[in-house]
1. By the gyration tensor of its Cα atoms, with a ≥ b ≥ c the square roots of the eigenvalues, what is the shape of region 25-109: rounded for a/c under 1.5, prolate for a/b over b/c, or oblate?
2. Suppose every K and R has +1 on its Cβ and every D and E has -1 on its Cβ; what is the size of the dipole of region 21-78 about the Cα centre, in Debye to the nearest 20?
3. List 264, 428 from most exposed to least, where exposure is judged by having the fewest other Cβ atoms within 10 Å.
4. Which residue, chosen from 147, 163, 131, occupies the Cα position most advanced towards the positive end of the dipole of region 74-198, where the dipole is computed from +1 (Lys, Arg) and -1 (Asp, Glu) charges on Cβ about the Cα centre?
5. What does the charge count near residue 43 come to, summing +1 for each Lys or Arg and -1 for each Asp or Glu among other residues with Cβ under 12 Å from its Cβ?
6. Where the centroid of each part is defined by its Cα atoms, how far is region 418-444 from region 24-91 in Å?
7. For region 23-259, what class follows from the C-alpha gyration tensor (a ≥ b ≥ c being the square roots of its eigenvalues): rounded when a/c is under 1.5, otherwise prolate if a/b is larger than b/c, else oblate?
8. Suppose every K and R has +1 on its Cβ and every D and E has -1 on its Cβ; what is the size of the dipole of region 23-259 about the Cα centre, in Debye to the nearest 20?
Amino acid sequence: MGSYYRARYTGVMSDAWHDDRAKEECGVVGLRAPDGEAARLAFFALFALQHRGQESAGIAVSDGSTVKMHKDMGLVSQVFTEEILQTLPGDMAIGHNRYSTSGSSVLRNAQPIYCTSTSGEIAVAHNGNLINARELRKELEEQGEKFDTTADSEVIARLLVINMGKGVDTAVEEVMRRVKGAYSVIVLTPRRIIGFRDPNGVRPLVAGRLGDSFMLASESCAFGPINAVVEREIAPGEMAVIDENGIRYHQAHKAEKPSMCMFEFIYFARPDSVMRGTSLYVARERMGEELAREQPAEADLVIPVPDSGIPAAIGFSRVAGLPFEEGMMKSRYIHRTFIQPDQRMREMGVRMKLTPIIEKIRGKRLVVVDDSIVRATTTRQIVKMLFDSGALEVHVRITAPPIKFPCFYGIDMASKGELAAAKWSVEEIREHLGATSLGYLSIDGVKNAVGGGKDGFCMACFDGKYPIAVPENLSKLAFEDPPDVGAIGVVKRGQLTLIDLD
Ligand code: SF4
């Protein structure tokens, strides 16, 4: 989800926890468990989706008559205790992990979002970003709707709840007719769970079988821990309804050109998830293989930037005929935290997260495989750390093509002015990194690795071809260079969602 009133950029939050990777905005889950333990199962499914958002978590449950909810800032395991789960009895639950911000409005914007109307009550969990939320919100406010949050997701919730009296299918159809952008949404009403996916299918949403019942989640990796199995992906423009009768599907909006986010395949989604019938681990191995063919390097050893670079580094080493070793260890337990690093720790930069294994690195010509370069600050620190550890050469190989354009569909990346590949040539980036050589996988190389045909993906951050038209006011702001952050006040790092223009 995106926030309405964000103060442009916080690109200067360069502490050890805020590296310059692109950030997924949210993970969503919804399930029916007729034993009354729905919240507990939602907890474990959300836990598996923790990589999609680490700032807040929430679960809403229904016992068949009313909706109850708990949400707070922090990781899933910090927000929910055994005692809290016991206060959430019910057969149906939805959950949400959010990546977002610091600042006063954060908890208010945590999800699920709860709304009531004369037609009843609902809770809504949203992954994605709307590009016409501001106009819709204005219109709804003029009609007397009172908003509790500054999140674009509440526009979906309000539109839905005021149309609920017309029936579930009609209400979702109406929402999908009005909202524009990327959205995978899961809704809880007292009697059912509803999921729907935008007509371009930008963000993922998959249905699974959970015993005799069903569930929905952003990724299939949420299914394993609770013994569910994949049923099928929700198609672009499709909705699914889970209730005591099982699951049913309905095409709520005409499907547009399929445009699934390629970054889910490259980096965001967990490697043990399957999307469009492809294991993401296997796809990333193949990206590494393609990369070795397109961008070979004379070297002694292939090492990954852990963890996300591991499958691609394995693929690279296989095709290059070079040994694969782990040259760096990642601290498993540095997540986003409420403890702020001090200045001395900030200066330690990437070493807060990654430790070189000097014995593996010293005296070697290294190929270092990573998934992407956004601003290039982290990669630069990694290259320096490897040379400081005695590497003779550092050949950086990246499985994402150069990121030249901002994302408008729910990925916290950067403005165009902050993207290394938007302002520099590959050679200039190499020079900035201090690397011996730098090679990116091509757009065709990524598509070949993912398989399943060359079409059907959003690759706008690489080629600038946005599948959902972006309003001029948004794109103009997103393409600006970062302003003086200190003068504006930092609310959220990175991307372009919506800015309060008033
Ligand atoms: S612009 Fe890039 S990150 Fe955003 S949805 Fe498209 S492929 Fe994904």
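Please treat every number below as a calculation from the coordinates, not as lab data. Small disclaimer: the values here were computed from a predicted structure and weren't measured. Here the Cβ positions follow ideal geometry from the backbone for every residue, glycine too, while neighbour counts run over all protein chains shown.
1. Prolate, since a/c reaches 1.5 and a/b exceeds b/c.
2. The calculation lands at about 120 debye.
3. By the 10 Å Cβ count, ascending: 428, 264.
4. 131
5. Surrounding charge for residue 43 is -1.
6. For region 418-444 versus region 24-91, the Cα centre distance is 41 Å.
7. Rounded shape, in that the Cα axes give a/c under 1.5.
8. Computed about the Cα centre, the dipole is about 480 debye.
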